[in-house]
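Scroll down for the structure; my scribbles are underneath it.
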Amino acid sequence: MTTIEARIDALTEPELQHGLEVFRSRLRAAEASYLNACVHCGLCAESCHYFRMEPTLENVPARKLDLVAAVFKRHFTAAGRLAPALVGARPFDREMVRAWLDAVFGRCSLCGRCSLNCTIGIALPRVFRAARAALAAMGLVPDDLQATVDNSLRHGNNMAITKEDWVDTVQWLEEELQMETGDPEARLPLDKHGAKMLFTVNPREPKFFPLSLQASAKVFWAAGEDWTLASDPGWDLTNYGLFNCNDDEAGRITQNLVDAMARLGCTTLVIGECGHGFGAARWEGPEWLQRAYPFEVRSVLEIMDEYLASGRIRVDPARHAKTVTLHDPCNLVRHGGIIEPQRRVLRQSVSRFVEMAPTREHNFCCGGGGGQLAMAAYRDRRIRSGGMKAQQIRDTGAEIVVAPCHNCIDQLMELNKEYTLGVQIKTVAEVVADALVTGEPLPTEWKGTA
Amino acid sequence: MGQPLHVAVLAAAAWAVGALAFAWLRTRGFGGRVLFARAAGDPAAGVRYSFTTAMLPQAKESVMMHLPSYAAGMIFHLGTFVAFALLAVTLARIQLPLPVAWIARVVTLAGSFGGLALLAKRALTPHLRGLSSPDDFVANLLTTTFAALAGAASLCPPIETPWLVVAAVLLVYVPIGKIRHCFFFFSSRAYLGAFFGYRGTFPSPGWGERR
């Protein structure tokens, strides 16, 4: 396989033209408006975790946007064609392709924090997605990120886990759950036709964090939920098509979820704790497929919140005496709109809960979003930019960091080591499962799995 | 001399409006987005929030960290708006009451100082300088000069001629350079608000706690 640099050098004019056409096709009136609006005030600089940790021109969000806007002006505006030097218009050539690659893949996690801090109101990630799509159309997605997408397309999950391994893991975890709860009827149902909920997980759970999956199962067990996992493609909630921005590939991965829902006859697709997985399935999936889902999509955080609110499960916060803080995954919170459920759940499940500053949709990206964890070439930048999150965590004085996202958890684990934070990192379900008060029989209407 | 210049300014204004309208039509030509995902919130509420609370300094870390720049920007914009109001009044040959005229002079001159401060910041801050194209300097200089002359012209009638010349040039430049944000600011903020409103992020439920 040739390097991405060699591929850029070998780009032909028709390939550049194709990239430009794809870029154009991904723009709508909103993005065109954004590309006309930036005033280069530069106030967005400090909103970016890359700039905060390395204050260079290349890390200023407006600079990254300007590289894309320069091409837009040159090829799609009269002023850019007539007076390119005056308005900063530049052609889409190899040099610009290189600059785009570095800016939109190498220096941006698409977290969107700059959008909220932009004095104009430019949603920069929407523009960067169009630029990534153009690069994808020219075969210029970093190889390791593309390999993750290819795994999903070929194997139905991004870690190429075989069906046999997946099913074995689920059965093993079921035995563990039965031992933990003392209930021989406790289940991790597989392919239960007509179950109310299809629960989908990040493949990192069966592969590296099986206790996360067991924790979610324990919560469902305590709630008497009518749920199932799928054994065939459609069990993996991830979709790195969100990051390589190849809509066709992203749509095909989304189709796995839709097919599993149809196959099993479930009415609610429940997305496990994964920021980008939620964003991809809940928000982008219908757009990629160009049709509405015939089912509902919900985050498991909303489900747990409802269990607690309705008294369907009970928790004892005294079981978590340590100070707990919460990380806000960008695709779940800022771009996903799931802001309060996880907070309500944690406030009930732990004794001492402290917010980061800033918090909620203004929280900083951990640095692992936008596919950064899958792009080894930018690893050093990723770790450096994560310094902002490390500082936030340190400032809370928390001993446990809860992150409802496995990408974020991976990044936080690296930050924990690199910045010697000395914290434990958990999912919300792990916290809830440990705090569950069980033993009282459930009302009949909630006995879904029995 | 005054009459032809008035006509020139009006022609330039017509060009600005027409060219901005054309730019908007071109932008609309990129098409809208049909959304298939079920809304979690209200796009209209998001737009309202985007134009109100989301623009307050307290809601923007970027502003809180750069309050002097924010203040300079606000004064610059206010001065520019008042300068355009003075231009309209001049073209309509309306005599302003003296106190109002004095307020307008002070505001436009303050606005021009705000513009100069932002220009100096752009020239002296490395990452801002690196971010800038000639358009950034031209747009600022034109607008700052326009605001400064607006205030001065009402005190010193001979200045009216250069002011009207600058006004005409500025109006011609509006749709060409970054000053077109006078229109695209509103469309961008509306799109941003609708996007985050649709997804349930705007209006922010936690805004009160962040204060």
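Just so you know, all these numbers are worked out from the coordinates, no wet-lab data involved. No experiment lies behind these values; they were computed from the predicted model shown. Cβ placement follows ideal geometry from the backbone for every residue including glycine, while neighbour counts extend to all protein chains displayed.
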For the pair A:Phe208 and A:Gln171, the simple spin-label estimate (label points 7 Å beyond Cα toward Cβ) gives in nm 2.7 nm
Residue by residue through the stretch B:64-78, the couplings from Karplus 6.51 cos²θ - 1.76 cosθ + 1.60 with θ = phi - 60°, in Hz, x for Gly and Pro, are 4, 7, 9, 4, x, 5, 4, 5, 4, x, 5, 5, 4, 5, 4
In whole angstrom, the spacing between the Cα centers of the stretch A:29-82 and the stretch A:192-240 equals 41 Å
Per the rule of 0.36 nm per residue minus the C-alpha distance, extending B:Arg33 to B:Val89 adds in nm 16.0 nm
Largest-first semi-axes in Å of the equivalent ellipsoid built from the Cα gyration tensor of the stretch A:4-140 are 23, 18, 13
Measuring from the longest principal axis of the C-alpha atoms of chain B, the long axis of helix B:2-28 (C-alpha) lies at a number of degrees, nearest 10, equal to 20 degrees
Among beta bridges assigned by DSSP with both residues in the stretch A:312-436, the antiparallel ones amount in percent, to the nearest 5, to 10 percent
Rounded to the nearest 5, the percent of antiparallel DSSP beta bridges in the protein assembly as shown equals 10 percent
Expressed as a percent, the portion of alpha-carbon pairs in the stretch B:64-174 spaced more than 25 Å apart is 23 percent
With R₀ set to 56 angstrom, the calculated FRET efficiency between the beta-carbons of B:Arg26 and A:Asp380, to the nearest 0.05, is 0.85
Quick calc, B:Leu67 & B:Val106: beta-carbon distance into FRET formula, R0 30 Å, rounding 0.05, result 0.90
Dipole check, the stretch B:64-174, charges on Cβ (K,R +1; D,E -1), about Cα centroid: among B:Ala117, B:Ala88, B:Gly151 the Cα furthest to the positive pole belongs to B:Ala117
Under 13 Å by backbone N from the virtual spin label 7 Å along Cα-to-Cβ at B:His77, the residues of the stretch A:117-135 are A:118-122
Placing each pseudo-label 7 Å from Cα in the direction of the beta carbon, A:Gln424 and A:Arg94 end up separated by a distance in nanometres of 5.5 nm
With -39,500 (n - 2.57) per DSSP H segment of 4 or more residues and division by the full residue count of chain B, the 222 nm estimate, nearest 500 deg cm²/dmol, is -24500 deg cm²/dmol
Listing A:Tyr419, A:Tyr240 by rising number of other beta-carbon atoms within 10 angstrom, fewest first, gives A:Tyr419, A:Tyr240
Here the tail fraction of P(r) beyond 17 Å, over all Cα-Cα pairs of the stretch A:260-355, rounds in percent to 58 percent
So, for the Cα atoms of chain B, Rg and Dmax in Å stand at 19.9, 62
Taking the dipole of the protein assembly as shown about the Cα centre (Lys, Arg +1; Asp, Glu -1; charges at Cβ), the one of B:Ala104, B:Pro162, B:Leu56 that reaches farthest to the positive side is B:Pro162
Shielding of A:58-65 by other chains, given as the mean Cβ count within 10 Å, works out to 2
Rounded to a whole number, the mean other protein chain Cβ count within 10 angstrom for residues of A:21-27 is 1
Excluding residues fewer than 8 positions from A:Lys207 in its own chain, the lysines with Cα under 19 Å of it are A:Lys163, A:Lys218, A:Lys426
Ordering A:117-128, A:208-219 by per-residue average of other C-beta atoms within 10 angstrom, highest first, gives A:117-128, A:208-219
Hull volume per residue for the stretch A:312-436, using the convex hull of the C-alpha atoms, in Å³ is 93 Å³
Taking the stretch A:2-45, the whole-percent share of alpha-carbon pairs separated by over 15 angstrom is 64 percent
If A:Glu5, A:Glu287 are placed from fewest to most neighbouring beta carbons inside 10 Å, the sequence is A:Glu5, A:Glu287
The helix B:134-155 Cα axis meets the longest alpha-carbon principal axis of chain B at an angle in degrees, between 0 and 90 and rounded to 10, of 50 degrees
Under the 7 Å Cα-to-Cβ spin-label approximation, A:Glu306 and A:Thr323 lie apart by a distance in nanometres of 3.5 nm
Taking R0 as 22 Å and r as the Cβ-Cβ distance between A:Glu15 and A:Asp150, the FRET efficiency 1/(1 + (r/R0)^6), rounded to the nearest 0.05, comes to 0.60
On each of the three principal axes the extent of the alpha-carbon atoms of the protein assembly as shown, given in whole Å and largest first, is 97, 57, 45
Counting other chain Cβ atoms within 10 Å of each Cβ in A:13-19 and taking the mean gives 0
If each part is reduced to its alpha-carbon centroid, the stretch B:126-187 and the stretch A:283-347 end up apart, in Å, by 49 Å
Mean shadow area (nm²) of the C-alpha convex hull around the stretch A:110-245 is 10.8 nm²
